[in-house]
1. Contour minus end-to-end for Gln109 and Glu38, with contour as 0.36 nm per residue of separation and end-to-end as the Cα-Cα distance?
2. Once fully extended, how much extra length lies between Tyr133 and Arg92, figured as 0.36 nm per residue of separation less the alpha-carbon to alpha-carbon distance?
3. Can you give me the angle between helix 167-178 and the longest principal axis of the chain, using Cα atoms only, in degrees from 0 to 90, rounded to the nearest 10?
4. Counting only protein heavy atoms and using a 1.4 Å probe, what share of the accessible area of segment 120-174 belongs to carbon plus sulfur, as a whole percent?
5. Pick out, in residue order, every one of the chymotrypsin sites (Phe, Trp or Tyr not before Pro) in segment 124-179 that is DSSP loop and has at most 16 other C-beta atoms within 10 Å; say none if there are none.
6. Give me the net charge of Val170's neighbourhood, meaning all other residues with Cβ under 9 Å from the Cβ of Val170; Lys, Arg count +1, Asp, Glu -1.
7. For a test of the definition: using alpha carbon positions, the gyration tensor, and the 1.5 limit on a/c, classify segment 16-170 as rounded, prolate or oblate.
8. Using the Cα centre of segment 1-124 as origin and beta-carbon charges of +1 (Lys, Arg) and -1 (Asp, Glu), tell me which of Ala100, Trp115, Ala25 is placed farthest towards the positive end of the dipole.
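The values are calculated or read from the model by the stated rules, or taken from the named source; none is laboratory data. Bear in mind the structure is a predicted one, so any value in this text is a computation, not a measurement. Glycine also receives a Cβ, built like all others from the backbone with ideal geometry; neighbour counts cover every protein chain displayed. Side chains included, ligands, DNA and RNA excluded: accessible areas come from the protein's heavy atoms. Shrake-Rupley method; radii C 1.70, N 1.55, O 1.52, S 1.80 Å.
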Amino acid sequence: AHRPAWALRDRALRGQATWPAGAVAAPPIRGRDQMGREFSLSSLRGRTVAITFFDSHCHAECPLEGRALASAERTLPPAQRPVLVAVSVNPRDTPASARAAARAWGLSQAAPWHWVMGKRAALEPIYKAYHIYVGKAVSGDIQHTEALILVDRRGYERSGYLWPFATRFVTHDLRALAG
């Protein structure tokens, strides 16, 4: 009997959700990154990827998740670290604010990264494809799903987390996917 992809599980991984290799292709991500260059998730085939959704102006959860992810990445040798793809949830994000946040949260020093920005209408299909809620600003921070998705070298989702996650589990899964 056929089981839906959400019912599959890779027991070797520690994410809150895991999928066997080849079960769930990562939906496309396209847009301009913090350098103003066109970016496409498919350009990273052959590399492990960590996808998250950030607000560079956030003062609450995003900095905490960003620092935890940077900490997990730094446990790996540089050649095995995933490429970080942060999708902006704040239309006010700019290349300068994205670079400042990545630097302040330790992400820019941990591994290669891209912060995909644009108007909400352009990013909405990405949010929908990854099941990310993006709401309105509350106390200056954009309310949104704090999620991390790890993608293998072939472009398949393998492990997913909601914040707050246990950094040791992210580290375990990054090692498993890098190996």
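1. On the way: separation 71, 0.36 × 71 = 25.56 nm, distance 2.20 nm.
This chain segment gains 23.4 nm when fully extended.
2. On the way: separation 41, 0.36 × 41 = 14.76 nm, distance 1.74 nm.
Going from the current span to full extension adds 13.0 nm.
3. Around 60 degrees separate the two axes.
4. Values: 1610 of 2740 Å².
Answer for segment 120-174: carbon and sulfur cover 59 percent of the accessible area.
5. Details: sites: Tyr127, Tyr130, Tyr133, Tyr156, Tyr161, Phe165, Phe169; in loops: Tyr130, Tyr133, Phe165.
Sites meeting the loop and neighbour criteria: Tyr133.
6. Working: positive: Arg14, Arg168; negative: Glu73, Asp173.
Spelling it out: positives minus negatives among the neighbours equals 0.
7. Rounded shape, in that the Cα axes give a/c under 1.5.
8. Ala25
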